[in-house]
1. Remind me, relative contact order of chain A in percent, using alpha carbon pairs under 8 angstrom and six or more residues apart?
2. Roughly how big is the B-A contact, given as buried accessible area in Å² (both sides, 1.4 Å probe, nearest 100)?
3. How high is the FRET efficiency from residue B:290 to residue A:177, r the C-beta distance, R0 30 Å, rounded to 0.05?
4. Ordered by packing density, taken as the mean number of other Cβ atoms within 10 Å over each peptide's residues, highest first, how do B:290-302, B:423-435 rank?
5. Roughly to the nearest percent, how much of the accessible area of region A:9-48 is carbon and sulfur, given a 1.4 Å probe?
6. Pop the C-beta distance of residue B:363 and residue B:179 into the FRET formula with R0 = 22 Å and round what comes out to the nearest 0.05.
7. Please compute the average number of Cβ atoms from other chains found within 10 Å of each residue's Cβ in peptide B:131-142.
8. Work through the residues other than residue B:214 whose Cβ is under 11 Å from its Cβ and net out their charges, Lys, Arg +1 and Asp, Glu -1.
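The values are calculated or read from the model by the stated rules, or taken from the named source; none is laboratory data. Being a predicted model, the structure only gives us computed values, none of them experimental. Neighbour counts run over all protein chains shown; Cβ positions are idealised from the backbone, glycine included. Heavy atoms of the whole protein, side chains included, go into the accessibility calculation; ligands, DNA and RNA do not. Shrake-Rupley method; radii C 1.70, N 1.55, O 1.52, S 1.80 Å.
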Amino acid sequence: MRCTEDRGTVKVINGRYRPTGKFHYIYEHSPIFDENGKLMGITNPRDVTHIHAYGGEAQFFESLGKGKLLGTRCDNPHCEAEGSIFMPFRIHCPDCLAKNTVVDLTETARKSATVHTFMITERTGAFNTLPTPIKFVNVEFEGVCTILMGYLSVGEPEIGMRVVPIFKTQNPTFTILDLSWVPAGTKEADLPEGFTFG
Amino acid sequence: MITFSEKQLKIPSMSRPVFLVTGGMSKFDRAIPEKKTEELVIDAFTEAARFIGKTPAELKQYIHSAYYGHFADHFGDQLLGEAVIHDRLGLDPLGNVGIKTGGATGGSTLWEAFKTVASGYSDCVLAMGWERMDEVPTDEGNHYIASAADKDWETPLGHIYTGYYAVMAQKYWQVFGKSEDSFRVTMAEIAVKNRGYARMNPHAQGPKKITVDDVLSSPVVAYPLRALDCCLMSVGAACAILCDEKTAYELTDNPLLVYVAAGSHTLRVADRRNMAIPLLPNETAEQYKDLGERFPGGDRYPGFTGFLAARMAAYYGYRMAGVTDPTEDLDLVELHDAFTISDIQTYEDIGIRPYGEGRTYVESGDCYHTNPHTGKPGKLPANLSGGLLGNMHAVGATGIMQAIEVAQHIWGRWAEMHADPKKWEAFGRQKPEDWTDLQVKGARRGLAISHAGVGSHVTATIIVHPDHQLERRF
């Protein structure tokens with residue numbers, strides 16, 4: 001059963017959350033008996049919707065749906081890490097804690113992204129929305145000091161493989177799932193539904 | 001390269017020594033529907049009291065503050081479960097606090113308890129850990145565990161923590177294991193060993209008499225990891241009592257010195273700048289100069305092949321306790337064998353073997369109770385409890401269980417706590433006809449490593465018989 005009827009949505013108006021619709025659905029408990037009919041416990045069913053702030057990372061998740069991959073750079077001249085580029089996007093430099101500068105890494109990714117390591121798994125946890133098997137890839141970029149986790153949508157991963165980013169520019173989810181990777185040279189026609197090269 | 005200041009690398013000091021007086025644990029199993037968590041906790045506490053000839057009420061009279069390790073509130077659907085347990089143990093109005101550091105929760109609970117006694121705040125503390133992982137189906141459990149990854153950047157990717165770890169396994173497998181069949185066999189031997197030792201442990205959830213072929217033919221979870229390479233999901237509780245010297249000797253005539261240190265690393269693997277390898281007392285920078293030549297791709301540190309948090313826990317802990325070379329100075333270890341390959345990685349992080357050479361700890365036979373090549377005692381037996389692969393991983397209890405198992409060897413009371421037919425019967429388990437006493441003869445010093453996920457938190461608990469203290473030379 002999917003409880004989608006009047007599922008809650010939220011807007012921010014004047015700096016406050018304005019929720020509309022249902023944020024929880026109520027179900028009855030049911031008893032748990034053993035094979036002899038002895039009461040052992042009870043189920044506690046629940047269906048809730050949480051609200052979550054993206055804060056300073058909102059521009060990263062918004063940019064994915066527009067076909068852009070944003071990272072950040074420490075530009076603090078007094079920091080040991082000055083000039084370091086971070087992907088995943090770090091709002092603040094982890095060394096000096098100054099606010100980082102946002103940089104567009106889309107072209108860097110297109111030209112230099114390679115698979116640092118990977119994993120293929122059939123198993124998922126509850127609430128997974130990715131098709132299985134999931135092909136996890138951890139992607140490294142030229143000039144970027146950190147490594148980004150993602151998933152490969154076409155082909156079989158290998159360490160050292162050149163990959164390029166693809167973006168869910170049609171009906172974006174505004175989550176990290178809007179970013180995926182395919183082997184360099186993949187044709188647009190072979191991309192999953194809703195994804196483009198940006 | 002990240003560099004660390006002298007202040008950050010200061011060796012932790014204590015105002016006074018800390019002693020482990022006793023410990024106990026419940027039965028461990030995948031599900032225990034007949035008992036509430038408070039019953040399991042009381043089982044563990046009662047075992048700890050009886051171990052030193054006290055009643056639970058008598059032992060409670062000594063406790064001044066309590067530390068509760070319970071990782072996942074959402075598994076039990078009970079926020080502040082620590083307060084419930086504190087109430088059921090009848091320890092109010094004493095101060096208490098909950099500790100949560102993922103898979104390392106048990107070790108971190110000992111860390112907090114240790115610091116409390118070392119500081120002088122309390123003379124006797126309770127460190128109690130538990131986990132209740134049977135109250136949701138396994139796939140929801142996997143989602144909940146995956147919630148311990150970064151919720152925006154990682155959790156949506158499959159909601160499966162094994163996957164986030166498995167990319168590290170893949171890198172280690174290819175770089176240091178060189179994708180060799182022989183390395184794959186070495187991984188399998190760990191699964192055979194630990195599940196086999198679990199057969200001698202009445203508390204253990206997953207004892208199995210299996211072969212390397214059984215491991216290699218078990219279903220692939222995330223290549224090269226197969227089902228029998230992966231640890232258990234468990235229910236159960238474990239506790240320890242830590243005291244200052246005076247109180248320790250009031251409670252028992254045989255307390256053990258204990259040292260606990262902790263390290264951490266970024267939640268998202270390889271999401272910090274690189275660094276030089278922090279060196280343990282038995283290592284030199286020189287030995288790692290050609291690491292990248294010997295193992296192409298192995299020179300990015302810490303990267304995906306090692307656990308910096310484990311390295312730092314050992315870095316601080318060895319120097320606190322005076323350990324110069326773990327293989328020489330320690331008599332047994334309990335390691336966080338969540339996966340066979342992470343067990344091998346940890347051998348390197350904690351200096352049992354240099355980086356790149358972890359597999360030789362298994363292949364030499366050093367990690368066995370009895371070396372299969374020589375028939376003589378293993379040089380540094382590992383995970384005689386059965387570990388996370390064969391005994392349990394009831395997260396908040398795991399690090400405490402490991403420490404108690406190590407201590408029981410040093411006390412020379414391992415057989416007493418594992419052989420009793422009444423305990424086997426009480427747990428509803430069949431004692432094997434070929435039950436073997438795994439007591440490490442003459443054990444003086446041991447180590448327990450408690451580890452979270454992809455290495456966000458790791459603790460090193462070093463337990464030393466007071467007659468066999470090491471000289472601190474650092």
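1. On the way: 368 pairs, mean separation 31.2, N = 198.
The value is 16 percent.
2. Details: alone 18230 and 12870 Å², together 27480 Å².
Rounded to the nearest hundred, the buried surface is 3600 Å².
3. Numbers: r = 41 Å, r/R0 = 1.38.
The pair residue B:290/residue A:177 has a calculated efficiency of 0.15.
4. Numbers: B:290-302: 16.3, B:423-435: 12.9.
By packing density, highest mean first, the sequence is B:290-302, B:423-435.
5. Details: 1920 of 3580 Å².
Percent of accessible area from carbon and sulfur atoms in region A:9-48: 54.
6. Working: r = 17 Å, r/R0 = 0.76.
After rounding to 0.05, the efficiency reads 0.85.
7. Numbers: counts 0, 0, 0, 0, 3, 1, 1, 3, 6, 3, 2, 6.
Taking all residues of B:131-142 together, the mean is 2.
8. On the way: positive: B:195, B:208, B:209, B:226; negative: B:213.
For residues surrounding residue B:214, the net value is +3.
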